[in-house]
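Notes for the one structure printed next.
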Amino acid sequence: MAYRLLRGRRRTLGAIITAAVLASGLGTAVAVQADRPPGSADWVGTWAAAPQKPQQAGVTDQTLRLIVHTTLPGETVRIRLSNTFGTAPVHVTAAYIGRRATGAAIAGDPVPLTFGGQPGVLVGDGAEVLSDPARLAVLALSDLAVSVYIPTDSGPPTEHADFGNAHQTSYLAAGDHAADADGAAFTSTTTSWLFLSGVSVQAKHAADVVTLGDSITDGTASSTDTNHRYPDFLARRLAAQPGPDRLGVLNEGIGGNELLRTSACCGASPSALARLDRDVIAQDGVRDVILLEGINDIGGDAADAPSLIAGMTQLVAQLHSHGIRVLGGTITPSFGRPGSYGTQHTEDVRQQVNAWIRSSGMFDAIVDFDQAVRDPADPRRLLAAYDSGDHLHPNDAGYQAMADAVPLDEL
């Protein structure tokens, strides 16, 4: 499957090696523009998670071993650390990456990561930093372990946690164990990704699809440690496509997220419009976005159809201005859920917005998620076989059906 090189400017973040102020005594990193000759490898994301406001206490004198699942292969790798919602700088003094074996153990020797040639970095409050490129053969659809040692109090950590659970087990150890290959010291676990928001690889003939949305994109109610979110199933479909051109998937869903407003839920995540630059446009290698937003605006904040349509129109216009195609996802059913999500009014607004998504011509293509998971006998509801039990979030089979509904020839 070939992807299209689009009109519009190319984003430059993928060509920036790193820009950071290092901790006192470690020196200063300089932003370097890496101009690459035609046909050379570009930076593309192989994994990502949207930063969220802290929902737990910080860490002190601890090593985080964060497990992530890749979507694209490459021979060179770098990571992105985010202190987006921090109130003070975070001091990282050691960072390593390796292929995960089992649990917290790493296969082979962990690869050290540097920042401007130094082993540590001070991540300023509100800032993100990129590591220098490091040689590591990254496989598609495999697990990486990113280890970060933080010696002093980090303060409340920027993290990613879908209702407190990112559905992936990661590990913590007391003291500096970032260079350990075995996992013996990692005696505590977490289901949040702390500070880590992206992993990228250098690859030829590759690009990314960003899935932008709320908890349904993030994977609420999917099975932990199985990678059964709909973007995971989509990544498997794309990896199975023949040909040299490859598409990865970056999951930028946040539990409770809304299109128009800052959510009162789950760490008060900024709206999709407010986080568009950081979570989509600035990502490495983005060519397409699949948008699935709106149910929390309707069910949580009683937004009307004209407001949602105006918001989606603005989001598409901004992405098109950066040469990014947008696939509009129809909003999935929530009738029967207790409270405002399960009312006929919510259903009526959902149907109005979905009719516009299907017929307006605003989007480059349509992904009819609604049709994929609704009950044909009662289209207001999720099909029982796809319902996790809360009448809002699909189960693993429902997420598979959503991924199967994505028209790959439109990516």
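What follows draws every value from the coordinates through simple rules; no lab data is involved. Just so it is clear, the structure is predicted and the values come from calculations on it, not from any experiment. Methodologically, a virtual Cβ is constructed for each residue, glycine included, from the backbone with ideal geometry; neighbour enumeration extends over all protein chains shown.
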Extension length gain for THR169 and ALA184 (0.36 nm per residue less Cα distance), in nm, is 3.9 nm
The FRET efficiency for ALA240 and GLU75, from their Cβ-Cβ distance with R0 = 22 Å and rounded to 0.05, is 0.50
Taking the stretch 54-185, the equivalent ellipsoid from its C-alpha gyration tensor has semi-axes in Å, biggest first, of 22, 17, 15
Per the rule of 0.36 nm per residue minus the C-alpha distance, extending ALA107 to ASP378 adds in nm 92.6 nm
Answer in debye to the nearest 20: the dipole magnitude of the stretch 257-329 about its Cα centre, from +1 Lys/Arg and -1 Asp/Glu charges placed on Cβ, is 160 debye
Under the 7 Å Cα-to-Cβ spin-label approximation, THR343 and ALA385 lie apart by a distance in nanometres of 3.4 nm
The size of the Cβ-based charge dipole (Lys, Arg +1; Asp, Glu -1) of the stretch 205-410 about the Cα centre, to the nearest 20 debye, is 80 debye
Around ALA268 (Cβ within 11 Å, Cβ-to-Cβ, excluding ALA268; K/R +1, D/E -1) the net charge comes to +1
Spelling it out for ALA107: with amide H atoms placed in the peptide plane at 1.01 Å from N, the residues 5 or more places away or on another chain with amide H under 5 Å from its amide H are ARG99, ARG100, ALA101
Averaging 1/r across every pair of distinct alpha carbons in the stretch 205-410 and inverting yields a Kirkwood hydrodynamic radius, in angstrom, of 16.8 Å
Given 319-327, 213-221, the highest-first ranking by average Cβ count within 10 Å works out to 213-221, 319-327
Checked against the positive end of the charge dipole of the chain (+1 on Cβ of Lys and Arg, -1 on Cβ of Asp and Glu, about the Cα centre), the farthest of VAL349, GLY198, GLY103 is GLY198
Short to long, in 10 Å steps from zero, the percent of alpha-carbon pairs of the chain per bin is 5, 24, 33, 24, 11, 2, 0
Given unit charges at Cβ for Lys, Arg (+) and Asp, Glu (-), the dipole magnitude of the chain about its Cα centre in debye, nearest 20, is 900 debye
For the stretch 146-155, Karplus-derived ³J(HN,Hα) couplings (6.51, -1.76, 1.60; θ = phi - 60°; whole Hz; x for glycine and proline) come out as 9, 10, 9, 9, 10, x, 10, 3, 7, x
So for R0 = 22 Å, FRET eff. of ASP304-SER359 from the Cβ-Cβ r, to 0.05, ends up at 0.75
Taking Cα pairs closer than 8 Å and at least 6 residues apart, the relative contact order of the chain in percent is 18 percent
For the chain, percent of DSSP beta bridges that are antiparallel (nearest 5) comes out at 70 percent
So, with points 7 Å from each Cα along the Cβ direction, the THR114-LEU141 label distance in nm works out to 3.6 nm
For the stretch 205-410, averaging the sequence separation of alpha carbon pairs under 8 Å that lie six or more residues apart and dividing by its residue count, the contact order in percent is 22 percent
Full extension between GLU410 and ALA134 adds, at 0.36 nm per residue less the Cα distance, a length in nm of 96.0 nm
Output ordering of 67-74, 151-158, 382-389 (per-residue mean of other Cβ within 10 Å, highest first) is 67-74, 151-158, 382-389
Highest mean packing first, using Cβ neighbours within 10 angstrom, the peptides 373-379, 142-148, 176-182, 59-65 sort as 142-148, 59-65, 176-182, 373-379
